[in-house]
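One structure follows; several queries about it will come next.
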Amino acid sequence: MNVLRCPRTRCSSSTLRFLPFLYCRPIAEYEGAPRPVKIRILFLTNRFAPGGAETFILNRIGVLDRSRFEPYVAALRADGKLRPAFEAAGVPTFELGAGRQFDIHAYTNLYSLLRRERIHILEAHVWWSVVSGRLVARAARVPVVITNEQEMHGGATAHRSDVVFAGDATTRLSSACVHITTPAMNSFLDEVNPLLAGNTLRRRIPNGINARHIADVVAKLDRKAKRASLGIAEDAFVVGNVGRLVEAKGQKYLLPAFAKVREKVPNARLVIVGYGVLEDELKAQAASLGLTDSVVFTGARLDVPELLGTFDVFGFSSIHEAQGIAILEAMAAGIPVVAPAIDGIPDVVKHEQTGLAIPPRDPDALAAGILRLHADPELAKRVVAGANELFESEFSIEASGRAYEKLYVELLEKAGIHVPPAAPERRVDPLAAARA
């Protein structure tokens, strides 16, 4: 009778017949395979949608040392809006065909992809991809599995308890869990059972942004024409918001706040950029507040930097946010920010230094912050300047890229895999080819 043995320790167990990836770490190199010239990284996400995580991956690829690392990107579900931008950056892309969560067809495709391309590092973003990636990558004996925990462990919009448990129970399958803010990391350290977490390494690496690209786009923008394309006058006072239209983003608090702003500033307009399940509900709320003619819902857009350039103030209304990439992008565009002091946002919005911090779920406070920036241009300039200093030092995409590459080398060396030496610094704008 053939007995399945652990590929690392050669121990045998009947249990390993069914769940080998749960009980052993992977071999350092695939047996019998020649050592590849470059380290192959598969970035895994839910969709090729223009969301924060997907845009972060795209920008990360733009600063990746391609002399050492070869990127691939896969999405569990079909949604190709951002896929052409990845392909324009010269990155192989794959849609795995999932029709639902925990789809065995998608898992089979992912397993085959990992084995066929002999992937060394799986880096997964967003909860569904994190859990799926852990399970399948370990089954495929991928040497290093890095999972990016984009959210807080608990909070106002935490997943169902069974979903949270699935994430907790698979934690030890990660070589490292990356958290984008200190509060987010602490929430996992405090709330995940140590027996489930095991000795998995945890690191704080903020999601950086391509600030230069955003600043360049805004500098070249024909603001009058862009506003006109939205049906907004050149002299309007524009409050903007970027985010998925879901409960966690709190746009239902932004709308009554804007109604109060419009009472004081009749030419005020609100632009809400994003898509989501609450779109119809939010449009109905705007109509009930008498705001139909002064609120623009753009839907999903790929020209977010240009839209940011049309704003005068960025009104952020989330009730649950691990970091807030949209806040950083607004800062890079030179837009003063008003945001709630929740979860990881205080790492970014420091009151009267890099923005105005307010209580969450408080339309009055949000309106007051927006009106304060409208009435005090010097304050607006001061917080914009402070924000520029902050994200250049901590939240640039270059800083994020360096931190991830350092983590790659650390984990690969632990696995006994040679990493080619670093090349001279070379940086690429991943959106340049897509814009050409």
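Being crowded, with 19+ Cβ neighbours inside 10 Å and part of a helix (DSSP H, G or I): is that true of Val163 here?
Against the criterion (crowded, with 19+ Cβ neighbours inside 10 Å and part of a helix (DSSP H, G or I)), Val163 does not qualify.
Looking at Ile342, Ile397, Ile319, Ile358, can you tell me which residue is at pLDDT 95 or above and out of contact with any Phe, Trp or Tyr (no Cβ under 7 Å at 6 or more places or on another chain)?
Selected residue: Ile358, the only one of Ile342, Ile397, Ile319, Ile358 that is at pLDDT 95 or above and out of contact with any Phe, Trp or Tyr (no Cβ under 7 Å at 6 or more places or on another chain).
Could you tell me whether Arg223 is farther than 20 Å from Ala339 by Cβ, open to solvent by 20 Å² or more (accessible area, probe 1.4 Å), charged (D, E, K, R) and in contact with a strand residue (DSSP E or B) (Cβ under 7 Å, 6 or more places away or on another chain)?
No; evaluated as a whole, the condition is false for this residue.
Here's another thing I want to ask about it. Would you pick out the residues in the stretch 184-201 that are open to solvent by less than 40 Å² (accessible area, probe 1.4 Å) and closer than 28 Å to Ser396 by Cα?
The answer is Ala184, Met185, Ser187, Phe188, Thr200.
Among residues belonging to the stretch 343-354 that are open to solvent by 10 Å² or more (accessible area, probe 1.4 Å) and in a helix (DSSP H, G or I), point out the one that is nearest to Ala368 (Cα to Cα).
Out of the qualifying residues, it is Pro346.
Among the residues of the stretch 189-214, how many are of a type in the set (A, V, I, L, M) and either over 17 Å from the mean Cα position of the chain (by Cα) or over 30 Å from Leu308 (Cβ atoms) (or both)?
Adding up the residues that qualify gives 6.
Confirm whether Gly324 is modelled with pLDDT under 95 and out of contact with any His (no Cβ under 7 Å at 6 or more places or on another chain).
Considered against the rule, which asks whether it is modelled with pLDDT under 95 and out of contact with any His (no Cβ under 7 Å at 6 or more places or on another chain), Gly324 comes out as yes.
So that you can scan it fast, the table gives a plain yes or no per residue for (1) surrounded by 24 or more Cβ atoms within 10 Å (Cβ to Cβ); (2) in contact with a strand residue (DSSP E or B) (Cβ under 9 Å, 6 or more places away or on another chain):
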position: Leu328; (1), (2): yes, yes
position: Gly334; (1), (2): no, no
position: Ala341; (1), (2): no, yes
position: Leu356; (1), (2): yes, yes
position: Asp362; (1), (2): no, yes
position: Glu378; (1), (2): no, no
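Which pairs turn up if I take residues in the stretch 294-322 that are part of a helix (DSSP H, G or I) and open to solvent by less than 10 Å² (accessible area, probe 1.4 Å) and look for partners that are modelled with pLDDT under 95 and acidic (Asp, Glu) with beta carbon separation below 7 Å, at least 6 apart in sequence or on another chain?
Note: pairs meeting the criteria are Leu308/Glu329.
A further question on this structure: Which condition number does Thr147 fail, the rest of (1) within 26 Å of Glu54 (Cβ to Cβ); (2) open to solvent by 40 Å² or more (accessible area, probe 1.4 Å); (3) in contact with an Asp or Glu (Cβ under 9 Å, 6 or more places away or on another chain); (4) at pLDDT 90 or above being met?
(2)
Moving to a separate point now. Here's a check for you: in the stretch 231-269, which residue that is assigned to a strand (DSSP E or B) and not basic (Lys, Arg) is surrounded by the most Cβ atoms within 10 Å (Cβ to Cβ)?
Step by step, filter the stretch 231-269, then rank; the result is Val239.
Let me ask something else. Checking Trp127 against (1) more than 22 Å from Val63 (Cα to Cα); (2) within 22 Å of the chain's Cα centre (by Cα); (3) in contact (Cβ under 8 Å) with a residue 60 or more places away in the chain: exactly one of these is not met. Which one?
(3)
This table checks each residue for (1) touching an Asp or Glu at 6+ places or on another chain (Cβ under 8 Å); (2) under 20 Å from Ile325 (Cβ atoms).
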residue	(1), (2)
Gly344	yes, yes
Ile358	no, yes
Ile370	no, no
Ala380	no, no
Ala399	no, yes
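Name the single residue that is modelled with the highest pLDDT among those in the stretch 298-316 being touching a strand residue (DSSP E or B) at 6+ places or on another chain (Cβ under 9 Å) and farther than 23 Å from Pro336 by Cβ.
Per the stated criteria, the residue is Gly299.
Let me ask you something else. Output the number of the condition that Thr170 fails; it satisfies all remaining conditions of (1) at pLDDT 90 or above; (2) open to solvent by 20 Å² or more (accessible area, probe 1.4 Å); (3) polar (S, T, N, Q).
(2)
The values are calculated or read from the model by the stated rules, or taken from the named source; none is laboratory data. These numbers come from a predicted model, not from an experiment. As a convention, Cβ positions derive from the backbone with ideal geometry for all residues, glycine included, and neighbour counts pool all protein chains shown. The protein model used for the area step is the full one, side chains on, heavy atoms only, and it has no ligands, DNA or RNA in it. Shrake-Rupley method; radii C 1.70, N 1.55, O 1.52, S 1.80 Å.
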